[in-house]
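Report on one structure; see the data block that follows.
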Amino acid sequence: MAGMEAAPSLTGRLLVATPVLTDPNFARSVVLLLDHDAQGALGVVLNRPTPVDVAAVLDGWASLTGDPAVVFQGGPVALDSALAIAVVPGEETHPAPLGWRRVHGAIGLVDLEAPPQVLAGVLGAMRVFAGYSGWSPGQLEREIAEGAWYPVECEAGDVSCIEPDRMWRSVLRRQRGPLAMLATYPDDPTLN
């Protein structure tokens, strides 16, 4: 339609599930958006560790992952596939290292087909995800408008948060204003 502006991209930002989002795939989740445009959105849930060690499924990559060195469930889509996200410290003006593609700032996707030793001295932090979260065109915008998600800024350390079970609260706590108060929202408000 002529004259309509596209919504700004949320690529590289976090989606924090609001307390009203009760879908078990996303309740109290923190999602890093890896892509968001007119074709839809794709991201990974940063705070859903599984009991599966990275070493058990990806030979050679475990030594490059942060604690906990387990596979995280990135979302309900394509659970039989793996993708990795890593932080590469340094200037955005420098060329990306071989085997890594910048998504936003210092955060990028790792090519798991590359030999791990190529990236061994370059990566600052890495996480491996089984599956991803996806939204069709306009779906994410509708969910945000309906109050299911809070889009907030991502920090490079979010990719390798060592306490993923506390991530939802800690991301909310660092926000300004009313969002910070939601960090104290009880798991079950009916017990208050």
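The values are calculated or read from the model by the stated rules, or taken from the named source; none is laboratory data. As the structure is a computational prediction, the values presented were derived from the model and not from experiment. Because the Cβ atoms are built from the backbone with ideal geometry, glycine has one as well, and the counts that use them run over all protein chains shown. When the accessible area is computed, the model is the full protein with side chains, heavy atoms only, and any ligands, DNA or RNA have been set aside. Shrake-Rupley method; radii C 1.70, N 1.55, O 1.52, S 1.80 Å.
Before I look further, what does the chain give for accessible area per residue, probe 1.4 Å, in whole square angstrom?
54 Å²
Of the accessible area of the chain, with the probe set at 1.4 angstrom, what percent is carbon plus sulfur?
Looking at the chain in its full context, I get 55 percent from C and S.
For a test of the definition: using alpha carbon positions, the gyration tensor, and the 1.5 limit on a/c, classify region 1-110 as rounded, prolate or oblate.
Cα axes put region 1-110 in the oblate bin.
Of Glu141, Glu163, which has the most accessible area with a 1.4 Å probe, and how do the rest follow in descending order?
Correct descending sequence by accessible area is Glu163, Glu141.
Once both labels are modelled 7 Å past Cα along the beta-carbon direction, what's the Glu155-Ala38 spacing in nm?
Reported label-point gap for Glu155 and Ala38 is 3.6 nm.
Taking the Cα centre of region 1-138 as the origin, how large is its charge dipole in debye, to the nearest 20, when only Lys and Arg (+1) and Asp and Glu (-1) carry charge on their Cβ atoms?
In total the dipole reaches around 260 debye.
Please give the FRET efficiency for Leu98 paired with Ala78, using the beta carbon to beta carbon distance and R0 = 25 Å, rounded to the nearest 0.05.
Here the calculated transfer efficiency is 0.50.
What residue among Val118, Pro164, Ser9 has its Cα farthest toward the positive end of the dipole of the chain, where the charges are +1 on Lys, Arg and -1 on Asp, Glu, each on the Cβ?
Pro164
Which value, in nm² and rounded to one decimal, describes the direction-averaged projected area of the C-alpha convex hull of region 29-74?
3.9 nm²
Between Ser9 and Asp67, with labels modelled 7 Å along Cα→Cβ, what's the label distance in nm to one decimal, could you check?
Between Ser9 and Asp67, the label points sit 3.6 nm apart.
FRET efficiency for Val52 and Asp111, Cβ-Cβ distance as r, R0 = 22 Å, nearest 0.05?
The calculated FRET efficiency here is 0.60.
Can you sort Glu143, Glu153, Glu113 by 1.4 Å-probe accessible area, starting with the largest?
Per-residue accessible area, sorted high to low, gives Glu113, Glu153, Glu143.
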